[in-house]
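A.B. asks: Before I ask anything, here is the structure I am working with.
The values are calculated or read from the model by the stated rules, or taken from the named source; none is laboratory data. Everything quoted here is computed from the prediction, not taken from an experiment. Heads up, the Cβs are rebuilt from the backbone with ideal geometry, glycines too, and the neighbour counts pull from every protein chain shown. Areas reflect the complete protein model, heavy atoms only, side chains present, ligands, DNA and RNA absent. Shrake-Rupley method; radii C 1.70, N 1.55, O 1.52, S 1.80 Å.
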Amino acid sequence: EGQQCDDQQPTRRGFTSLWQAATENANSRVWVGFHFRRASEVGLVHGRKVARLVMADQLEPVRFR
């Protein structure tokens with residue numbers, strides 16, 4: 001399988017949670033040099049806080065008939 005974004009058959013990733021995917025994404029951005037470790041860690045903390053606020057204040061349950 002591919003190892004780069006533009007490979008004909010890129011590597012497929014699987015995750016058991018959204019948090020697992022977010023953590024891998026944060027790590028990958030450090031590994032390729034886009035961010036420093038601290039920026040990724042702070043970004044994950046802020047992202048989780050935003051998600052909690054949205055879940056608590058903005059979303060409503062879906063009611064089925």
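A.B. asks: May I ask you to verify whether Arg48 is modelled with pLDDT of 90 or more and either basic (Lys, Arg) or at positive phi (or both)?
C.D. replies: Here the answer is yes, as Arg48 does meet what is asked.
A.B. asks: Also: List the residue pairs whose Cβ atoms are under 8 Å apart, where the first residue sits in the stretch 44-55 and is touching a residue at least 60 places away in the same chain (Cβ under 8 Å), the second is β-branched (Val, Ile, Thr) and open to solvent by 60 Å² or more (accessible area, probe 1.4 Å), and the two are 6 or more positions apart or on different chains.
C.D. replies: As it stands, the answer is none, since no pair meets every condition given.
A.B. asks: Taking the stretch 33-53, which residues are out of contact with any Gly (no Cβ under 9 Å at 6 or more places or on another chain), open to solvent by less than 100 Å² (accessible area, probe 1.4 Å) and in a loop (DSSP other than H, G, I, E, B)?
C.D. replies: Gly33
A.B. asks: If the Cβ limit is 6 Å and pairs must be 6+ apart or interchain, which residue in the stretch 26-38 that is at pLDDT 90 or above pairs with which residue that is hydrophobic (A, V, I, L, M, F, W, C) and part of a helix (DSSP H, G or I)?
C.D. replies: The qualifying pairs are Ala26/Leu44; Arg37/Val30.
A.B. asks: Taking only the stretch 16-32 into account, find how many residues are open to solvent by 60 Å² or more (accessible area, probe 1.4 Å) and not in a helix (DSSP H, G or I).
C.D. replies: Qualifying residue count for the region: 2.
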